[in-house]
Amino acid sequence: MKGIAFAGLGLALACLASPALVQTPPQPTGQGNAVPDQTLRGTLGRADYEHYREIPFTLPAGVTRLTIEFSYGGKEQHSVIDLGLADPQHFRGWSGGTRDRMTLSAEDATPGYLRGPLPAGEWHLILGAPNIREGATAPFEARIYIERAPMVTSFADAPLNAAPGWYRGDLHMHSGNSDGKCLSQKGEKVPCPVYRTVEAAAKRGLDFIALTDHNTTAHYDALRALQGAFDRLLLIPGREVTTFYGHSNVFGPTAFLDFRMTAPNYAQAAKWMDEVKREGGIVSLNHAGAPSGEICMGCGWRLDDLPAGAVQAIEVVNGGTMAETKSAESPLQGFALWQKLLNAGQHVTAIGGSDNHNADLPSDEPGAIGTPTTVVFMRELAVQGFIDGVRAGRAFVDVYGVKGRFLDISATNGEAKAVMGGTLQVRTGERIRLTAEVKGASGGTIQPIVDGEPNPAFRRVIQRDGAIALTSWIADPGRHWVRADVRDAAGRLILVGNPIYIEVGK
Ligand SMILES: [Zn+2]
Ligand SMILES: [Zn+2]
C-alpha cells in the first residue's frame, strides 16, 4: 500500500479487503453537493474491537475542497466508531466519535483536521472501534463530496437565521494575521488573535462581520473554528486586496487571489477581479479618497478605467478615516468616487467598514468594531444571503452603529414601486413619488439626493419614527438615481442610504 505510515497506528492492508465495501468512482464535479461524489460503505464487527481499519478512497487531481459526512449503525448495541483521515502522505486529523462531518481546503478545515493542499491519490478514512460488543455490528457509510473550483465559502453548515430581515454588521477589520493589534496580559501591544475581534463584534451586538486581513488567507481557519461557537454572528470570508494602487475588500471566496498589480489599470486588476467574479464573490473599493504616496502607501484608489460590473460595492464611510479626519464625510472618504460611478450609470452599493486595527477600542470611538455599521436586507443570515443582499443594494450605512436607527426609501409610479437598490421604470411625463421610512432619528433631517444633487427644497424634518412623504416630480428622459441621507439635529451625517435607479422611457 502506498501510504501512510505514521507512528502509533498499525494499519494492516488485510483490513482493506473488507466485506461489503463499495467505492463509487469519482464524479467530474462536486459542485452543489446534493449527491456525494463517492460513497464508502462497510461493516465493522467484534473482530474490529479495539482495532483500526483503513478505508481507502481516491481523490482526483485539482480538488479544492473535500467534505466527508459519516454515519454508522449499531448504536443501540453500544457500538462506537472513531474517525480520522490521512492523505497520501500525511495524517490530516482525528475527531474520534465527536463529529459526523468534516471539511478541508487549502485555507481552512474543521477543528481537529489540518487545512492544506488536497493531493491526488489514495486517501484513507481511519476508523477506530473503541466499543463493539460480542455479536454486534456497526454498518457505516461515508459520503465524500469534492469541489474542483474555488467558490464562495461558508464557515457555517446552515444559515444562522433563516428569516428574511435587516441584519447589522461590520465589513472591514484586521486581526494579527495582518496588522491588527491588541493588548496582551502584560499590557503589551501584540498581534491580535482572531477570537478577540470576533468577541468584540459579538459584544457590540452585530449579526455579521467580515475580517479582512491584508492579502492573506491565513485567518480563515480560525474563523471556521470560531463560527460554531458564535452561532448568532455570521463570519463572512473576507480579505483586503491591498495593492500599490488601491485597496479593495473581497467577500465570499477564500482561495488565493493574485494581488500583485504593477500598474494602475484594469488589465492588472482583472487577474484578481475576474477570479472573484468567477467564484461568485463581490468586490468593494475601500477608503477610495485616501491619499496615496508616502503618506499612505497604496491607500487611495487610482484606477479610472473600471468597467461596469467590476465592483459591486464601495466603502463610503471608513472608520479609520473618520477617526483621523473627525468626519464621516471628509473628501478622504469614498463618496466622490461612488457618485462618479453612479453618474456613469453603474449600480454600486455603498457600505461602511470600521477598518478596525485594535479589537480593544471602546465602542463609542470611530474605528471601533461596528462604527460604522452596514445594515443589509438579506433573505437569510448566510454568506450567500449577504452577497445577494449587497448586490441587490437594499442596504444603508449607520455611521455611528446605533441599534434601532433605520432608513429605507421607496419610489412609486402608480402601481409600480422600487425600494433601495431597485430600478423603477417610468415614461417621460409620469409622476414619481418618493417616500422614506426612518427610525431612531427624530429631530434630525432627511435629505433626498437626485443624481448627486441635494436639493434643499426636498429636505424634511423628521418628527417621529415611520413613513415620511419626501417629494414627487415629473420624470424627464434618461437614467437617474435618487437616494437619501439622514442627519441628526446637530447636522452630523448619521445614515447613508443607497440609490433607487430610475429609468425613464419615452
Ligand atoms: Zn486599506
Ligand atoms: Zn483595512
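Scanning the range 189-225 for residues that are aliphatic (A, V, I, L, M) and open to solvent by 30 Å² or more (accessible area, probe 1.4 Å), we see that the one that is farthest from ligand 2 (Cβ to nearest atom) is Ala225. Within the range 300-315, if we keep just the residues that are open to solvent by less than 10 Å² (accessible area, probe 1.4 Å) and within 16 Å of ligand 2 (Cβ to nearest atom), the residue that is modelled with the lowest pLDDT turns out to be Gly300. Just a yes or no: is a residue in the range 283-291 out of contact with any helix residue (DSSP H, G or I) (no Cβ under 8 Å at 6 or more places or on another chain), within 16 Å of ligand 2 (Cβ to nearest atom) and among the hydrophobic types (A, V, I, L, M, F, W, C)? Scanning the range 283-291, I find no residue that is out of contact with any helix residue (DSSP H, G or I) (no Cβ under 8 Å at 6 or more places or on another chain), within 16 Å of ligand 2 (Cβ to nearest atom) and among the hydrophobic types (A, V, I, L, M, F, W, C), so the answer is no. Residue check: Pro253 meets all listed conditions (1) within 16 Å of ligand 2 (Cβ to nearest atom); (2) under 29 Å from Arg168 (Cα atoms) but one, namely (1). A single member of Leu127, Leu171 is in contact with a strand residue (DSSP E or B) (Cβ under 9 Å, 6 or more places away or on another chain), buried (at least 16 other Cβ atoms within 10 Å of the Cβ) and under 30 Å from Thr43 (Cβ atoms), and it is Leu127. Annotation: Ala411 fulfils all but one of (1) crowded, with 21+ Cβ neighbours inside 10 Å; (2) under 29 Å from Ser327 (Cα atoms); the unmet one is (2).
Could you tell me how many of the residues in the range 270-299 are part of a loop (DSSP other than H, G, I, E, B), of a type in the set (S, T, N, Q) and open to solvent by less than 10 Å² (accessible area, probe 1.4 Å)?
So the first thing to find is which residues in the range 270-299 are part of a loop (DSSP other than H, G, I, E, B), and the list is 280-281, 286-299.
With of a type in the set (S, T, N, Q) added as a condition, the list becomes 286, 292.
Next, from what is left, pick out any that are open to solvent by less than 10 Å² (accessible area, probe 1.4 Å): 286.
Result for the range 270-299: 1.
Residues in the range 401-408: is at least one at pLDDT 95 or above, in a strand (DSSP E or B) and under 26 Å from Glu503 (Cβ atoms)? Scanning the range 401-408, I find at least one residue that is at pLDDT 95 or above, in a strand (DSSP E or B) and under 26 Å from Glu503 (Cβ atoms), so the answer is yes.
State yes or no: is Thr243 away from ligand 2 (no atom under 11 Å from the Cβ) and of a type outside the set (Lys, Arg)? Reasoning before the result, please.
Numbers: away from ligand 2 (no atom under 11 Å from the Cβ): yes; of a type outside the set (Lys, Arg): yes.
Criteria met by Thr243.
Pairs meeting the criteria (first residue in the range 247-269 and touching a residue at least 40 places away in the same chain (Cβ under 8 Å) and open to solvent by less than 10 Å² (accessible area, probe 1.4 Å), second residue within 16 Å of ligand 1 (Cβ to nearest atom) and among the acidic types (Asp, Glu), beta carbons under 6 Å, at least 6 apart or on different chains) are Asn249/Glu240.
Scanning the range 309-363 for residues that are within 14 Å of ligand 1 (Cβ to nearest atom), of a type outside the set (A, V, I, L, M, F, W, C) and part of a loop (DSSP other than H, G, I, E, B) yields Gln333, Gly334, Ser354, Asp355, His357. Scanning the range 183-215 for residues that are part of a strand (DSSP E or B) and either under 22 Å from Val241 (Cβ atoms) or outside the structural domain of Ile369 (by TED's automatic domain parsing) (or both) turns up Pro191, Phe208, Ile209, Ala210, Leu211, His214. Looking at Arg143, Arg99, Arg115, just one residue is of a type outside the set (Val, Ile, Thr), in a strand (DSSP E or B) and open to solvent by 20 Å² or more (accessible area, probe 1.4 Å), and that residue is Arg143.
Taking the range 155-182, which residues are away from ligand 2 (no atom under 16 Å from the Cβ) and in contact with a Leu (Cβ under 9 Å, 6 or more places away or on another chain)? Those that are away from ligand 2 (no atom under 16 Å from the Cβ) and in contact with a Leu (Cβ under 9 Å, 6 or more places away or on another chain): Phe155, Ala156, Pro159, Leu160, Asn161, Ala162, Ala163, Gly165, Tyr167, Arg168.
On the given criteria, is Glu141 farther than 26 Å from Ala156 by Cα and in contact with a Lys or Arg (Cβ under 6 Å, 6 or more places away or on another chain)? I'd like the intermediate steps shown before the answer.
Working: farther than 26 Å from Ala156 by Cα: no; in contact with a Lys or Arg (Cβ under 6 Å, 6 or more places away or on another chain): yes.
No: the conditions fail for Glu141.
Being within 30 Å of Thr216 (Cα to Cα) and in a loop (DSSP other than H, G, I, E, B) is the requirement here; does Glu50 meet it?
Numbers: within 30 Å of Thr216 (Cα to Cα): no; in a loop (DSSP other than H, G, I, E, B): yes.
It is false that Glu50 is within 30 Å of Thr216 (Cα to Cα) and in a loop (DSSP other than H, G, I, E, B).
Within the range 316-363, restricting attention to residues that are of a type in the set (Val, Ile, Thr) and closer than 25 Å to Met420 by Cα, the residue that is surrounded by the most Cβ atoms within 10 Å (Cβ to Cβ) is Ile351.
The values are calculated or read from the model by the stated rules, or taken from the named source; none is laboratory data. Here the structure is a predicted model, which means the values were calculated and not measured. Virtual Cβ from ideal backbone geometry, glycine too; neighbours counted across all protein chains shown. Protein only, heavy atoms only, side chains kept; ligands, DNA and RNA dropped before computing areas. Shrake-Rupley method; radii C 1.70, N 1.55, O 1.52, S 1.80 Å.
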